[in-house]
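Q: This is the structure, below, for whatever I ask next.
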Amino acid sequence: MRLSSPHRTTLLTLASGAALVALTGCGISQAGAAAVVGGDRISTEQIQTDIASVEELVAEQLGQEVPDSNRAQLASEIVANRVRFTLFEQIAEDRGIDIGRAAVDAEVEDQGGIEPLAQQAGTAQARDLAMFLLVQEELVDADAEEVEALSGQIREQQREAYREQLEAQGLQGGELEEQLEAGMAQVEPQIRETAQGQYLGAQVEPYIERTEIEVSPRYGTIDPATLQVFPGVSALSAPETRPGAQVPPGMGG
């Protein structure tokens, strides 16, 4: 099942001018690591390579350098991506999901080549993003009936809410039903996207809860509920998040 493709803020957009919030970091157990995910080390050198690939993309496509005011957030987002990719590699191994190079090549082609993926995660992370999306697809396909059941629940809730709106506008009979069906057809992709996101969130949450994830204070602090990394300031100034796992980029992040 091809996952729905929600709108995502790209690293290219972030690097060229997006402004975001932040909080502080804490220590890390492995020297020279940018992050550690359940014992798997993400090196500072890897993050520097990832950052350089985004800087090259910005220079090539926008003809400018990454503004100094955006560098900390860019680095934090790149670290967050690496944390998500690493966690999903661990989930794939635990679930017996084996995705080879040929499958990644096919996914890259299906996504329109490296460039669209690079727009979302940088050139150095493009193939990792393809792998990440494939693991999500495998998780959803493994329980398609549950995902469809969730879609049905969301669909009925949406239908009832929309019907009430149309009735409040004075519509009735055939005209109401015609507009109702037309409106439901328009939101069907969003319904499926929401169902997939809810399902994946439920699947990923136990792994987030039992996996120790550390991020170097050089890059900030990770929010365990969303796997976002926030640079700078203090935890008191961070935005409040609701408990429960959120789906990483690729599913509604």
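Q: Using a simple charge model, +1 on the beta-carbon of Lys and Arg, -1 on the beta-carbon of Asp and Glu, nothing else, what dipole does segment 176-226 show about its Cα centre, in debye to the nearest 20?
A: 320 debye
Q: Sticking with this structure for a sec: Could you give me the ³J(HN,Hα) list for segment 162-173, computed from phi with Karplus coefficients 6.51, -1.76, 1.60 and θ = phi - 60°, whole Hz, x at Gly and Pro?
A: 5, 4, 4, 5, 5, 5, 5, 7, x, 7, 7, x
Q: Once label points are set 7 Å from the Cα along Cα→Cβ at both GLU65 and LEU171, what is their separation, rounded to one decimal in nm?
A: Output for this residue pair reads 5.5 nm.
Q: Follow-up. Please give the length that would be gained between ALA31 and GLU205 if that part of the chain were fully extended, namely 0.36 nm times their separation in residues minus their C-alpha to C-alpha distance (nm, one decimal).
A: Answer, rounded to one decimal: 59.8 nm.
Q: So what are the ³J(HN,Hα) numbers for segment 188-202, from phi and the Karplus equation (6.51, -1.76, 1.60; θ = phi - 60°), rounded to whole Hz, Gly and Pro as x?
A: My calculation for segment 188-202 gives 4, x, 5, 4, 5, 4, 5, 5, 4, x, 5, 5, 5, x, 5 Hz in order.
Q: For segment 104-155, what number results from the quotient of the Cα radius of gyration and 2.2 N^0.38 Å?
A: For segment 104-155, the normalised Cα radius of gyration comes out at 1.40.
Q: Can you compute 3J(HN,Hα) from phi for each residue in segment 84-99, using the Karplus curve 6.51 cos²θ - 1.76 cosθ + 1.60 with θ = phi - 60°, rounded to whole Hz and x for Gly and Pro?
A: These are the phi-based 3J(HN,Hα) values: 4, 4, 5, 4, 6, 5, 5, 4, 4, 4, 5, 8, x, 8, 10, 10 Hz.
Q: If you scale each eigenvalue of the Cα gyration tensor by 5 and take the root, what three semi-axes come out for segment 107-200, rounded to whole angstrom and sorted largest first?
A: 36, 16, 9
Q: Would you work out which of TYR162, VAL204, VAL147 lies farthest towards the positive end of the dipole of segment 85-207? Charges go on Cβ: Lys and Arg +1, Asp and Glu -1.
A: About the Cα centre, the residue reaching furthest to the positive side is VAL204.
Q: In square nanometres and to one decimal, what's the mean projected area of the convex hull around the Cα atoms of segment 26-131?
A: Orientation-averaged projected area of the Cα hull: 7.6 nm².
Q: Give me the extension gain from ASP143 to GLN157: residue separation times 0.36 nm, minus the current Cα-Cα distance, reported in nm with one decimal.
A: 2.9 nm
Rule-based calculations on the coordinates, nothing more; no lab input. On a predicted model such as this, the values are computed, not experimentally measured, just so you know. Backbone-built Cβ (ideal geometry, glycine too); neighbour counts: all protein chains shown.
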